[in-house]
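Everything below concerns the one structure shown next.
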Amino acid sequence: VLISIDTLRADHLPVYGYQKVPTPAIDALAKDGVVFDRAYAQVPLTLPSHVSILSGELPFQTGVRDNMGFAVKPGQRMLPEMLEDRGFATGGFVSAYVLRAATGISKGFGVYDDQLPSASPEVAIGDVQRDGADTLAAAEKWIDGLTSPRFFLFIHFYEPHSPYTPPARYSQYLPYDGEIAYSDELVGRLIDSLRRRGLYDRALVILLSDHGEGLGDHGEEEHGLFLYSETIRVPLVVKLPGERDKGRRFTEPVEHIDLVPTILDLLHAPIPPDLRGRSLVPLFDGGTIRDQGLYAESLYARYHLGWSELYALTDGRYRFIRAPHDELYDVQTDPHERRNL
């Protein structure tokens, strides 16, 4: 079960030390699983990020580098195909126009539900979404129709994405945090649903975000332009089957493209040799993973504004950003990236 909460900034969750909004469902999942303190996205944009998550490949490999004007290429191998080959039913349920099936992100899914409510022409394409509760209901209906518990569910909630319009019951929080509270409620309802069906304990459940949100840091209100931690550091919680490794935390830097090798490794399935990501299973077994520079890019500025694109490489100590004026940060001593070395 892969849960993606769009635009969820890691440092706005209590599991990462945030105190201004409660997230009891995510907290409970974290207690049942392992938490990665330093997980990073490849792209601070929804479509290319999810293509990397589901393919295990970097954006310059997939060719999907922006939300608009790009599609998954016909020969691209995706996780649902790999799992379908091993007898899994596969279902994807998404909440945003940018993940519509026409982009090719649906490739390999036996069922892909991208039904969205009608919207007026005045609504920006990036803001067209359906309520996460409706997405969850569609996913639950699909689960109930399965004849085997061997399935892969990808569910995508769009709530923390702008515009921030949380339900009135969360109006006591900042609007962005209120959206996080509602997302947490949806996660709780999904977990309860899995428990009622007797699926939760033996399931592999992964919760992540595709990217974060600027919220004014470094002058960016939303996301897509810059490659600082507020937009590319993401939450990552992995609940393993049974109670394996529950309650552990890892500080090793990891990235989205590590997920496909990890999932395949946990299934004892062959990992395609050309994937650049690493299986994280050795960490669960008390071992180590190889050091690797974590790649990120943003080409949004070039495509939409005619500005320069950005590339970044992060390791255990530093983040280097290739820009018109290059930037280097010691992310251990300067986690908010204020002092360009």
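The values are calculated or read from the model by the stated rules, or taken from the named source; none is laboratory data. In this text, all values refer to a predicted model and were calculated from it rather than measured experimentally. Here the Cβ is made from the backbone with ideal geometry for all residues, glycine too, and neighbour counts use every protein chain on show. SASA here: full protein model, heavy atoms, side chains in, ligands and nucleic acids out. Shrake-Rupley method; radii C 1.70, N 1.55, O 1.52, S 1.80 Å.
Overview of values
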quantity: Prolate/oblate/rounded label for the stretch 188-341 (Cα gyration tensor, a/c 1.5); calculated: prolate
quantity: Centre separation in Å (Cα based) which lies between the stretch 17-76 and the stretch 238-310; calculated: 10 Å
quantity: Restraint check, Lys20/Lys246; Lys31/Lys107; Lys141/Lys239; Lys20/Lys239, Cα-Cα greater than 27 Å; calculated: Lys31/Lys107
quantity: Mean residue ellipticity (222 nm) of the chain, computed from DSSP H runs ≥ 4 via -39,500 (n - 2.57), nearest 500; calculated: -7000 deg cm²/dmol
quantity: Rough spin-label spacing in nm, given labels placed 7 Å along Cα→Cβ, for Arg244 and Glu222; calculated: 4.0 nm
quantity: Note, ³J(HN,Hα) from phi for the stretch 328-341, Karplus 6.51, -1.76, 1.60, rounded to Hz, x at Gly and Pro; calculated: 9, 10, 8, 6, 7, 8, 9, x, 8, 6, 9, 10, 6, 7
quantity: For the stretch 56-113: rounded, prolate or oblate by the Cα gyration tensor [a/c cutoff 1.5]; calculated: oblate
quantity: Among beta bridges that DSSP assigns inside the chain, antiparallel share in %, nearest 5; calculated: 55 percent
quantity: Cα shape, the stretch 1-146, gyration tensor, a/c 1.5 rule; calculated: rounded
quantity: Residues with amide H under 5 Å from that of Thr90, placed H, sequence gap 5 or more; calculated: Gly110, Val111, Phe152
quantity: Portion, in percent, of the accessible area of the stretch 1-69 that falls on carbon or sulfur, probe 1.4 Å; calculated: 54 percent
quantity: Cα centre as origin, Lys/Arg/Asp/Glu Cβ charges: the chain dipole, Debye; calculated: 840 debye
quantity: For peptides 90-99, 310-319, sequence by mean Cβ density within 10 Å, most packed first; calculated: 90-99, 310-319
quantity: Label selected from [x] 22.3; [y] 21.3; [z] 20.1, the criterion being Kirkwood radius over Cα pairs in Å as computed here; calculated: [z]
quantity: Other-chain or far-sequence residues with amide H under 5 Å of Tyr318's (modelled H); calculated: Val331
quantity: Surface per residue (accessible, 1.4 Å probe) for the chain, Å²; calculated: 40 Å²
quantity: Amide H contacts under 5 Å for Gly104, placed H, 5+ residues apart; calculated: Val72
